[in-house]
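The values are calculated or read from the model by the stated rules, or taken from the named source; none is laboratory data. The structure displayed is predicted, hence computed values, not measured ones. Every residue, glycine among them, receives a Cβ derived from its backbone with ideal geometry; neighbour counts consider all protein chains shown. Note: areas computed on protein heavy atoms with side chains; ligands, DNA, RNA excluded. Shrake-Rupley method; radii C 1.70, N 1.55, O 1.52, S 1.80 Å.
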Amino acid sequence: MDSQDSLDTAGAPLLITFFVALPFACPLQHGAVISRNFDEPLRGCEGMEVFATEQSGPLEARLRDKIFVSLKFWQLKEAIDLADSLHGLRQVVRDVTGVGDIPEEKETVPQETYRTVVEMVTVQNSDKLHDKKAAIGEAFKRCFGVLSDVYSMSRLVERDGLSPHIGIEQAQAVFWFGRVPGHRYSGDLGGLMWVSPPPQVPSDTFELESFQKLETLLARLWNGSPLELAMERALVANQYLRQQGDYANAVIHAALSSEIVLDALLGMMLWEEQLEAPDISAAVDVFDETKNGGLASRVKREYGPRLGGNWNPSINGPVRRWSEELAHPRGRIVHRGYRPSRHEAERALEVSDELLDFVKGRLALKAKRYPRTCLMILGEPGLRRIAGWKWASAFLKATDEHPLSWFSGYSKWRDAVDSVRAGG
């Protein structure tokens, strides 16, 4: 390690204080202090008196000998202007209807509120200070984990006006300072830390090409395509992970995206198989979970015979990683309230993408058997890039059907299958 990146505290621990402004107010009273102790022992403070706050007495030995996090909440009064959006709304109303006047100066509608700044204090043992960056990063994550718990539980106390979730990715700029116990803070050890880049704001509207892509997506969606819904869940999963730091919802939505793709893939193949001799009974049996099990059972049983490849979740491959690193964590979150780490959420999104690539590759090889399904899921660009365009293009030339009509036909067929399954 570069000497500038390491800290020598002569065996004493390093007290670290972070200051973070929350993106949404947390309603604890000004000056409130909440602390938590962890199991990890604190070394180098033996015999030293430790106080939770200046007003409290010294902590018991069993508490002061543990790594801790202490949060103090500062509530700063401020006013926001509710008229910011109203001014633009009036402008559009005037332009469209000719009704109303636009004042030369924007009217103000002030609303008194407050901004929450949290002072977060923790400590790192000296044996972790050889890597200053890692030690500071670990300390901040520990503090923010406690802060997330406090914020989440505060939302349960008063549920009116519920504020959004906060995650570490929303912290953005954080000030930090370090000191050895018994010494004061100084500007030599501390500074500004960027946790995540500032949020992106739109700088321009759609170009023609982007607008045409939007029209294509809407045409597919409104004709019954389920694939855009899967793409939307994948996008939401990324937003939860990278913008909001909500790892549980990131995993859930990544799982939803994969499940929609898998369900649509099998459904479309079954639909295409019975087009010449319409009969939904076979599909009803396939999707009957009371008889044949859920999605995991269908994946193992139905996909391999149609698409080839390894669909066994007990054998290493994309399906096994989907089962172990996405489907299983999703179940723990939904059924037990499990809180995944950022790494687990990142892996969930990665294996979701890996499964999608596997699905595309297997399906492209079956373009001759399932030309409609291939064109609906992969389209011409995907088939040209991966494989199968030869068979799909030949099929298109030989039929007068429009691909958009297939989505409508599949959607109606699938509604009928689900209706029978539900006893309708």
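Brief remarks follow.
- Three-way shape label, the stretch 97-177, alpha-carbon gyration tensor, a/c 1.5: prolate
- The Kirkwood radius of the stretch 253-376, taken over pairs of alpha-carbon atoms, gives through the Stokes-Einstein law at 10 °C and 1.306 mPa s a diffusion coefficient of 103 µm² s⁻¹.
- Rg [Å, one decimal], Dmax [Å, integer] - the stretch 2-42, C-alpha atoms: 16.0, 43
- Förster radius 22 Å - calculated FRET efficiency between Arg320 and Arg385 (Cβ-Cβ, nearest 0.05): 0.30
- Helix-only CD estimate at 222 nm, as mean residue ellipticity for the chain, using -39500 (n - 2.57) per DSSP H run (n ≥ 4): -14500 deg cm²/dmol
- 20 Å binning of all Cα-Cα separations within the chain, expressed as whole percents from 0 upward: 19, 40, 31, 10, 0
- Placing dummy labels 7 Å off each Cα toward the beta-carbon, the span from Asp415 to Ser6 is 6.9 nm.
- Hz values of 3J(HN,Hα) by residue in the stretch 329-337 - Karplus curve (6.51, -1.76, 1.60), Gly and Pro given as x: x, 4, x, 5, 5, 5, 9, 10, x
- Gaussian network model of the chain, Cα within-10 Å springs - most flexible of Leu262, Leu363, Leu214: Leu214
- Here is the P(r) of the stretch 327-424: all C-alpha pair distances, binned every 5 Å from 0, give 2, 12, 15, 13, 12, 14, 13, 11, 5, 2, 0 in whole percents.
- Over 23 Å [Cα-Cα, the stretch 104-254], rounded percent: 61 percent
- Estimated from the Cβ-Cβ distance and a Förster radius of 45 angstrom, the FRET efficiency linking Asp285 and Ser341 is about 0.65.
- Long pairs among Lys300/Lys397; Lys66/Lys141; Lys66/Lys133; Lys360/Lys390, criterion Cα-Cα beyond 25 Å: Lys300/Lys397
- On the basis of the beta-carbon distance and an R0 of 35 Å, Phe19 and Val109 show a calculated FRET efficiency of 0.65.
- Springs join every pair of Cα atoms under 10 Å in this Gaussian network model of the chain, and among Lys300, Lys213, Lys133 the largest mean-square fluctuation is at Lys213.
- The mean accessible area for residues of the stretch 268-424, using a 1.4 Å probe and ignoring ligands and nucleic acids, is 53 Å² per residue.
- The stretch 210-255 and the stretch 263-317 have Cα centres separated by 24 Å.
- Considering only Ala264, Ala173, Ala394, the Gaussian network model of the chain with Cα springs below 10 Å gives its largest mean-square fluctuation to Ala394.
- Whole-number accessible area per residue in Å² for the stretch 147-262, which is evaluated in the context of all protein chains at 1.4 Å: 62 Å²
- With Cα atoms, 0 to 90° folded angle of helix 208-222 axis to the chain main axis: 70 degrees
- Heavy-atom accessible surface of the chain: percent carbon and sulfur, 1.4 Å: 54 percent
- Potential lengthening between His402 and His30 on full extension [0.36 nm per residue; Cα-Cα distance subtracted]: 127.5 nm
- Basic side chains Lys and Arg get +1 at the Cβ, acidic Asp and Glu get -1 at the Cβ, and with that the dipole of the chain about its Cα centre reaches some 1400 debye.
- The convex hull defined by the C-alpha atoms of the stretch 164-205 has an orientation-averaged projected area of 5.2 nm².
- Relative contact order (%) - the chain, alpha-carbon pairs under 8 angstrom, separation at least six: 15 percent
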